[in-house]
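Below is one structure, written out as C-alpha cells, with a few remarks after it.
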Amino acid sequence: MSGDAGTVILDVDRLEKHYGGVHAVDGVSFTVERGSITGLIGPNGAGKSTALAVIGGYVSPTAGRIHFDGADITGYPMHARARVGLVRTFQMARVFGNLTTIENLLVAVPRQRGESAAGILAGKWFWRGEERQLVERARALLDTFGMSTKADDPARTLSGGQKRAVEIMRALMMKPKLLLLDEPMAGLSPSLSRQLEDMLIRLAGDGLSLLLVEHELDTVDRLCGKVVVMAQGRVLSEGRMAELRLSREVQDAYVIG
Amino acid sequence: MAWEYYLVVMLVYLGTDLLAVWGLNLEFGVSGVANLAYIVVVAAGAYTFAICTLGPSSGNGGFQTYIGGFTLPFPLALLAGALAGAVVGTLIGVTGLKRLRQDYQAVAMLVVSLMVATVVSADTGFLNGSAGLALIPNPFADLDPEVARWAYVAVVAFCCLIGFLVLRRFTTGPIGRTLRAMRDDDTAASAAGKNVIGLRLVVQAVGGAFGGLSGALLAGFIGGWSPSAWVYIETLAFLSCVIVGGMGSDRGVSLGTLIIAVLLLQGVQFLPQISSSPGLSEDFGWIILGASTIIFIWFRPQGVLPERRPRYLGKSSSHSPG
Amino acid sequence: MQLIIEAIGFGIATGAVIALGAVGFSVQFGISNILNITYGSLMTLAAYVGLLLINHGVNAWLALVLGAVVVGVVSVVYHRALLAPLVRRGTRAIAMVIVTVSAGIILQYVIVSIAGPESHSYGEQSGSTLHLIGFTLSAGQVAIIVLTASLMLGLHLLLTRTTLGKAMRATSSNRTLARSCGISTDRVSDIAWLISGSLCGAAGVALAITTVSFDFSLGSLFLIPMIAAAVLGGIGQPYGAMLGGLIVGVSSEVAAAVSNPNYKDVVAFMILIIMLLVRPRGLFGAAWSTRRLMEG
C-alpha cells in the first residue's frame, strides 16, 4: 500500500471499471490529503462521476484497491463506507421526501440507539437521551444554514437549492472524515454557490477532507489545493489549478473532449 | 343466537385482518417493499398452526396427508404460526435483494405467490393438495360453544393488543424514521449508512410474523385451510386497506380495514338477488376492492388518514408519528 | 428418447404461444415502461371473446383474428384512459403495478360474473395428427407455430424496415429524445399498444385452442411462464422474448415428460427466480435494458 496513513486519508490505486467493452475508469490512481479539498475535473465522459461512484461504493470496481483512513475498503458496501466516515452526496440532490427537513438530518446518524435491537425492545427510555442530543445538533446545523424555519416542512416541498443544503447537512450529521461531492454547485444560484464555497472552505479548515467533482473551473480554482484531471478514464495530470490551466495536454483534453 | 354468532365471526375476521394489514403496512407502507406475496405468509401461519394441532397424519382415519403433525398447546401453536410467517416472509424477501426496480420486485413476488399456490395444490403429500387441511381442532372445544366463541374473540383481541404494541415499536421513533427514509430513497439511505438489505429482511420477518399469526388465528377459528383461502388476489384485499386508509399510517390502515370491511358488506347488499349464481356477491366484492384501490391511487394516493410526521419543537420533542 | 423428442415438439408448440404473449408484454414494457399485469386478464378476455364467437358458429381461426383485434383496441383504450393519465400525474412505478393488478382482478371478475366460474372448451379444434421429423403434433399446434413464426417475422420487418418501427424503437429507448426529434410519441405508443394488445389477444385465443378446457384463471396462470420468458430474454426486448418463450416452453414440456406433469410450471418458475437472482437483465442483456431495470 502506498501513501502514509497519517497524512493521506484516501488512496485510490489503479482503479478500473468496465461496462462491457467500455473502460469508463481505466487504471486511475490518486490520493487525497487529510484536511484538503481535492478537485476531480475533466471533460464530459472522462469517468469522473463513475470514479466517484466506485469510491463511494455505489458501483463495484472491476479492478484496483481503495484505502481509506488506513484500511482497505474496496469490498465495503456503501453503508459500511458511510459508517467509517466516507460519505457521499449525489449529483441530483436526493432527500427523503416524506420526512421533514429536520428528520432528514436526524435519520442520517449511523448506529443510533433507537435503531438497534436493544432500542426496539427496550423502548423510548433507552434512546431518548441520545435523540435529544441529535435534535440539538440538527437544530444548530439548520441555524447555520439558515433553514430553521423549514425544520418541520416535508422535504419534498423544498426548493432545489434547499434540498442540496439538506443533503450536505445530512452528510455533516454523520461526522464524516471525507466528503465526496458530485457537482455540488450544479443548479445553484451564483450567490448560493458562493455561500456553499465559503461553507466548504470553513469545513476543510475544521479538518474535514473533501473530494469534489466539478465542472466550473473557477470554483475549482478557488476551492481546491490539488486538482486531478481525468480524460477517457485515465488520470491525465494533477497539480494546482493555476499550473494545469497552462498545460497543453489539459487544454487539448478539454477542447477535444 | 344468530346475530351473536355473526358478531363473533365479524370480530374474529376484523382482528385477523387488522394483524395482517399492520404487517403489510410495515412492509409496504412504512418500508416500501411491495410484498405482493403477502398472503403466502398468512398461509404459512395457518398451515403451521394446523400441523401443530392436528396430530400425526395417520389420525382421523388418515383421510388427509401432510408433513409433520403434532399436538402442541394452543398458545405454542399460535407462536409456531407466527414463526413460520417470519421464516417464509424472510425467504420471500430474499427475491427482492437485488438492486432492482421496485415494480419489478413486486411482479417477482406476485409470481412467487402464484407459484407457491400451484406447488402446494399439486402435491397432495405435502399439505394435502388442493383439498387442504380440515378438522383443525378448536382450542376451546371443551367449553360451552357460546363461551368458546367469545373466548376466541378474547384471544384475538389480546393478540391484536400485543401486536399493536410491537408494531408501534417499529413504526415510531428512530427505527420508524429510518425505515421511512429507506422507503423514500433506498440509495440515499445506504449513503447515510443504513444497511438497507439487513433492514429489509428484518421488516420482512416482522411483517411475516404478523401475517403468520393472523393466518394461525384464522385457521384455528375456521377449523380448515386450503389453497382457495389464499389465492394471490387476497393480498390485494390487504393492500386495498393500506392504500385506502393511508400508507405508512398505523391509525390510517386500521381505519382502512374497517372501511373496506363495511364497503364490502354494504356493496354486496346493493346487488340484486340472483339465485342462479350464488358466487356473484363474492365476485362483486373483488370488483369493489380493485376499483377502490385504483380510485384512491388516482384521487387520494395518501389515503383517508395520511401519514403524519412528528414535530421537534425545541428540546422537548414529542414522538407520535401516525 | 422418443418421449423426449415428442416433448420437444410439444414444447415448441407451447413455446410458440408463450412467445406470442411474452413478445406483446415486452413491447408494452419497452414502449411505456409499465409492467402491465392486466395482460393476463386481457388474454382471458380474448379467450372468452373467442368462445362467444365459436359458440355462434365462427371458425376458430377467424375467432383468433377477431379476438386479437378486440383485445388490441381494448388495450389502447385501457392505456389511454387509465395508465397514461396516471403516469402523467406522477404515480410511482410501484403504484402502477398495483393499479394493473387491480384492473386485472376487476376484469377477471367481470368475466366471471358474466360467463360464470365453470370451465369451458372450444370443442375439438386440433384437427388431424401430423408426424414431422419425429415430432407428433396436431394440425392446430402446427398452425399456431406457423402463425407465431409469421407474426414474429412481421413484427421484425415492422421494427426494422418501416419508419413506424424505427419510431417505435426510438421511443422505446429514449422517449424524451424521440419527442424532440419530432416523433409523435403518443401516436407511436397507441400503435404499440394496439400491436401488443393484438398479440395478447392472439395468444389468449391460441392458448384456449390448444388447451382442453379453460376457466377465468387462464390468463393469471399463464403469467408465470410468460414473465419468465420475457425476463429470460431481457425484459423489454422483443427478440429476447421470442427465444425466451421457446426455452421456457421446451424446458417445461421436457421436465413434465421426465418427471411429474404437475411440476410443469415449476420449471418456468425456477428459470424466473434464478434469472432474477443471478442475471436480471436477461441472457443477452443489452446495456439499455440494464439501465431500465436497475435503480439509479
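The values are calculated or read from the model by the stated rules, or taken from the named source; none is laboratory data. Please read these numbers as outputs of a predicted model, since none were measured by experiment. Backbone-built Cβ (ideal geometry, glycine too); neighbour counts: all protein chains shown. Remember, those area values only see protein heavy atoms, side chains included, never the ligands or the DNA or RNA. Shrake-Rupley method; radii C 1.70, N 1.55, O 1.52, S 1.80 Å.
Other residues with beta-carbon under 15 Å from the beta-carbon of C:A47 carry, at +1 per Lys or Arg and -1 per Asp or Glu, a net charge of -2. Loop sites here are chymotrypsin sites (Phe, Trp or Tyr not before Pro) outside DSSP states H, G, I, E and B with no more than 15 other Cβ atoms within 10 Å. The longest part of chain B free of them is B:71-269. Would you list, by chain and number, the lysines whose Cα falls below 18 Å from the Cα of A:K175, excluding same-chain residues fewer than 8 positions away? Cross-link targets: B:K194. A simple rule links phi to the HN-Hα coupling: the Karplus curve 6.51 cos²θ - 1.76 cosθ + 1.60 with θ = phi - 60°, which for region B:186-200 gives 6, 5, 5, 5, 6, 5, 8, x, 8, 7, 4, 5, x, 4, 4 Hz, with x for Gly and Pro.
Set the Cα radius of gyration of region C:2-293 against 2.2 N^0.38 Å, with N its number of residues, and you get 0.97. Note on chain C: GNM, Cα springs under 10 Å; of C:A103, C:A68, C:A22, the largest mean-square fluctuation is that of C:A103. With protein chains left intact and a 1.4 Å probe, residues in chain C average 40 Å² of accessible area per residue.
Taken one residue at a time, the phi angles of region B:214-229 give Karplus couplings (6.51, -1.76, 1.60, θ = phi - 60°) of 4, x, 4, 4, 5, 5, x, 7, 6, x, x, 7, 9, x, 5, 7 Hz. Gly and Pro are set to x. Would you mind getting me the FRET efficiency between C:V87 and A:Q91? Use the beta-carbon distance for r and R0 = 22 Å, nearest 0.05. Efficiency, rounded to the nearest 0.05: 0.35. Measuring r between the beta carbons of C:H131 and B:V231 and using R0 = 35 Å, the FRET efficiency lands at 0.30.
Grab the beta carbon distance between B:V9 and A:L121, set R0 = 51 Å, and tell me the FRET efficiency rounded to 0.05. Once rounded, the FRET efficiency stands at 0.90.
Under 19 Å of direct C-alpha separation, and excluding same-chain neighbours fewer than eight residues apart, C:K264 reaches these aspartates and glutamates: B:D123, C:E6, C:D215, C:E253.
Across peptide A:116-122, the average count of Cβ atoms from other chains found within 10 Å of a residue's Cβ is 3.
Between B:V112, B:L127, B:F74, the Cα set farthest toward the positive side of the dipole of region B:71-197 (charges on each charged residue's Cβ, about the Cα centre) is that of B:V112. Just to confirm a number: summing +1 for Lys and Arg and -1 for Asp and Glu over residues other than B:L289 whose beta-carbon lies under 15 angstrom from that of B:L289, what do you get? With Lys, Arg at +1 and Asp, Glu at -1, the neighbours total -4.
With the charge dipole of region C:42-172 set up from +1 on Lys and Arg Cβ and -1 on Asp and Glu Cβ about the Cα centre, the Cα lying farthest toward the positive end among the listed residues C:I144, C:I54, C:H156 is that of C:H156. Which values of log₁₀ I(q)/I(0), to two decimal places, follow from the Debye formula for the protein assembly as shown at q = 0.05, 0.07, 0.09 Å⁻¹ with a uniform point scatterer at every Cα? Listed by q, the Debye log ratios stand at -0.32, -0.63, -1.01. Protein heavy-atom surface of chain C, 1.4 angstrom probe: 67% of the accessible area is carbon and sulfur, with nucleic acids and ligands not counted. In sequence order, region B:42-53 has phi-based couplings of 4, 4, 4, x, 5, 5, 4, 4, 4, 4, 6, 10 Hz under the Karplus curve 6.51 cos²θ - 1.76 cosθ + 1.60, θ = phi - 60°, and Gly or Pro positions carry x. Modelled spin-label separation between C:I5 and A:K175, with each label point placed 7 Å from Cα along the Cα-to-Cβ direction: 7.6 nm. Taken as Cα centroids, region A:130-179 and region C:106-164 sit 59 Å apart, rounded to the nearest whole angstrom. In this simple spin-label approximation, C:L52 and A:A186 carry label points 7 Å from Cα along the Cα→Cβ vector, and these lie 5.3 nm apart. Computed over the Cα atoms of chain A, the ratio of the radius of gyration to the Kirkwood radius (Rg/Rh) comes to 0.99. Tilt of helix C:93-115 relative to the longest C-alpha principal axis of chain C, in degrees (0 to 90, nearest 10)? Taking Cα atoms only, the helix is inclined about 40 degrees.
Simple spin-label estimate for A:H23 and C:V77 gives 5.8 nm between the two label positions (7 Å along the Cα-to-Cβ direction from each Cα). With helices as the sole contributors, chain C gives -25000 deg cm²/dmol at 222 nm; each DSSP H run of n ≥ 4 counts as -39500 (n - 2.57), and the sum is divided by every residue.
Proximity of backbone amide H atoms, modeled 1.01 Å from N, is registered between A:Y19 and A:A24 at under 5 Å, excluding neighbours fewer than 5 places apart on the same chain. Helix-only arithmetic for chain B: the sum of -39500 (n - 2.57) across DSSP H runs with n ≥ 4, divided by the residue total, places the mean residue ellipticity at 222 nm at -22000 deg cm²/dmol.
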